[in-house]
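First the structure, in the form of structure tokens, and then the observations on it.
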Amino acid sequence: MAELADGGGSSSSSSTHRWSYDVFLNFRGEDTGNGFISHLYKALCDNGIYTFIDNDLPKGEEIVKTIERSMISVVVFSENYAESSWCLDELVKIMQCRTNGQLVLPLFYKVYPLEVRIQRGNFGAALTKLEDKFKNKVQSWRTALTLAANLSGWPYWNGFEFKFIQQLIETISDIKLNGTRLYVARCPVGVNSELSPNRGFYCNRLTPRIREATVKKILMADLNDGGGSSSSSTLRWSYDAFLSFRGGYTRNSFTGHLYKALCDNGIYTFIDNDLPKGEEISEELLKTIERSMISVVVFSEYYAESRWCLDELVMIMQCRTNGQLVLPLFYKVDPSEVRNQRGNFGAALTKFEDKFKNK
């Protein structure tokens with residue numbers, strides 16, 4: 001329960017009876033449900049913000065009541081948001097409740113606020129498609145989209161998602177603590193994770209539990225020191241974990257969240273944000289791999305298109321013969337594609353064949 005002033009001037013005691021949730025999350029599941037939203041939901045819960053996410057409730061009157069009894073509605077506008085009549089119906093109700101003193105925080109996740117406000121681009125096309133089937137609803141949807149997009153919102157395009165989420169958490173925590181509208185805008189999801197046959201994690205759906213499982217596995221390895229004593233480990237290792245990944249595809253999402261979680265759990269982790277890149281992998285980076293107890297290799301769709309990643313991987317596997325651990329994560333790729341170099345992995349290596357025959 002939100003035991004705070006309800007944003008409409010009532011006392012904390014009346015607020016206790018009024019709100020069932022601090023936050024209601026409105027989002028298009030296919031766009032963000034297994035990535036951004038799952039991390040946002042976990043962060044809200046971890047910070048004591050009682051949050052509703054509509055994974056399990058049947059759609060109907062019950063969810064309408066949930067919106068009515070939520071102090072804040074966080075609306076996540078994403079690329080295909082307006083293709084969902086369900087999202088749009090929720091939004092209409094959210095904007096109606098706003099007139100009763102509830103707060104609405106719109107997030108523009110890789111979409112321009114103007115596209116939402118005047119319904120152009122994907123938003124315009126989606127509403128045009130729905131026009132014939134929902135003639136009596138489309139105008140109310142358009143009005144709700146315009147009203148919501150006219151509010152102070154939070155745009156996200158790139159950068160570390162966890163930093164964006166942390167800023168949002170701080171804002172919502174302040175609102176909850178003070179019971180006010182004061183904030184400054186900046187213009188449990190299903191799990192399908194398992195250990196693969198070669199003891200890596202296969203991430204078909206990105207959820208925080210994949211990240212947590214990785215952290216726990218590394219913590220256990222840290223305790224066991226990969227077979228050595230803790231005193232020798234202190235002298236031998238400069239880092240607990242070295243992250244190898246294709247930056248353009250996971251740095252600001254999965255790997256960014258993983259890096260933060262590792263650091264938050266006291267796992268001293270190297271991520272190559274700042275090292276200079278060149279034609280050849282640097283001596284500095286090679287030494288870093290040698291002095292990392294565990295290497296976490298995040299295989300993503302275009303991993304093999306980066307010779308930098310492949311050079312790192314060669315060094316990582318060489319170090320494994322010296323007692324270091326390797327933990328492979330298969331991020332939305334089938335482990336057999338990596339093992340047998342087929343699909344994108346085979347195509348990428350074929351392109352490299354002429355230029356790097358010796359490698």
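Residue by residue, here is whether (1) crowded, with 21+ Cβ neighbours inside 10 Å; (2) out of contact with any helix residue (DSSP H, G or I) (no Cβ under 6 Å at 6 or more places or on another chain); (3) at pLDDT 90 or above holds:
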site: Lys59; (1), (2), (3): no, yes, no
site: Ser70; (1), (2), (3): yes, yes, yes
site: Cys87; (1), (2), (3): yes, no, yes
site: Leu91; (1), (2), (3): yes, no, yes
site: Met95; (1), (2), (3): yes, no, yes
site: Asn100; (1), (2), (3): no, yes, no
site: Pro106; (1), (2), (3): yes, no, yes
site: Tyr112; (1), (2), (3): no, yes, no
Next on the checklist: Looking at the structure I just gave you, is Ser300 closer than 29 Å to Phe36 by Cα and either crowded, with 17+ Cβ neighbours inside 10 Å or at pLDDT 90 or above (or both)?
Outcome noted: yes
Checklist entry - Taking into account only those residues within the range 303-342 that are part of a loop (DSSP other than H, G, I, E, B) and open to solvent by less than 50 Å² (accessible area, probe 1.4 Å), which is modelled with the lowest pLDDT? => result Gly323
Checklist entry - So which of Val138, Val76 is more than 27 Å from the chain's Cα centre (by Cα) and β-branched (Val, Ile, Thr)? => result Val138
Item to check | Pairs where the first residue, in the range 118-129, is open to solvent by less than 10 Å² (accessible area, probe 1.4 Å) and the second is basic (Lys, Arg) and in a helix (DSSP H, G or I), C-beta under 7 Å, 6+ apart | outcome: Leu127/Arg142
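The values are calculated or read from the model by the stated rules, or taken from the named source; none is laboratory data. Just so you know, these numbers come straight off a predicted model, no measurement behind them. We place every Cβ from the backbone using ideal geometry, glycine too, and count neighbours over all the protein chains shown. Please note that ligands, DNA and RNA were not included when accessible areas were found on the heavy atoms of the full protein model with its side chains. Shrake-Rupley method; radii C 1.70, N 1.55, O 1.52, S 1.80 Å.
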